[in-house]
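Worksheet for the structure shown next.
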Amino acid sequence: MPTYETLPRFTADLDRLTPEQRRRFRRTVAAFVEDLRTGSFRAGLRVKRVQRAPGVYELTWSMGTGPAGRATWEYGPACRPGTPHVIWRRIGTHDILTGP
């Protein structure tokens, strides 16, 4: 199982989401974790690098109504050998990309 940590901005952003938006994110993270294990992300997760932010990636999913949900993250040093470690940076809509 991959390990993770969250930055304070991520936690603050997460607290601002509705319960339904948080539920959709958790469902997306389940698929994300499966893909981390295989080393290849499915197209539906729309994982890509964030421009002008070296080492930072974004993950995109449907939040139901309104704009798509996005979370930014980066790989951190492995806590367990051979296991990916993810640092969650931001979560919300496209607006988070101004300070990923």
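A value for mean projected area of the Cα convex hull in nm² was derived from the coordinates, and within the list (1) 7.8; (2) 6.3; (3) 8.1 it appears as (2). For residue 85, the accessible area of its heavy atoms, probed at 1.4 Å with every protein chain present, is near 10 square angstrom. Taking the C-alpha atoms only, the angle from helix 19-38 to the longest principal axis of the chain is near 20 degrees. For the chain, the carbon plus sulfur part of the accessible surface works out to 54%, probe radius 1.4 Å. Solvent exposure of the chain amounts to 60 Å² per residue of accessible area, where only protein heavy atoms count and the probe is 1.4 Å.
The values are calculated or read from the model by the stated rules, or taken from the named source; none is laboratory data. Since this is a predicted model, take the numbers as computed values, not measurements. We work out accessible area using only protein heavy atoms, side chains counted, and drop any ligands, DNA or RNA first. Shrake-Rupley method; radii C 1.70, N 1.55, O 1.52, S 1.80 Å.
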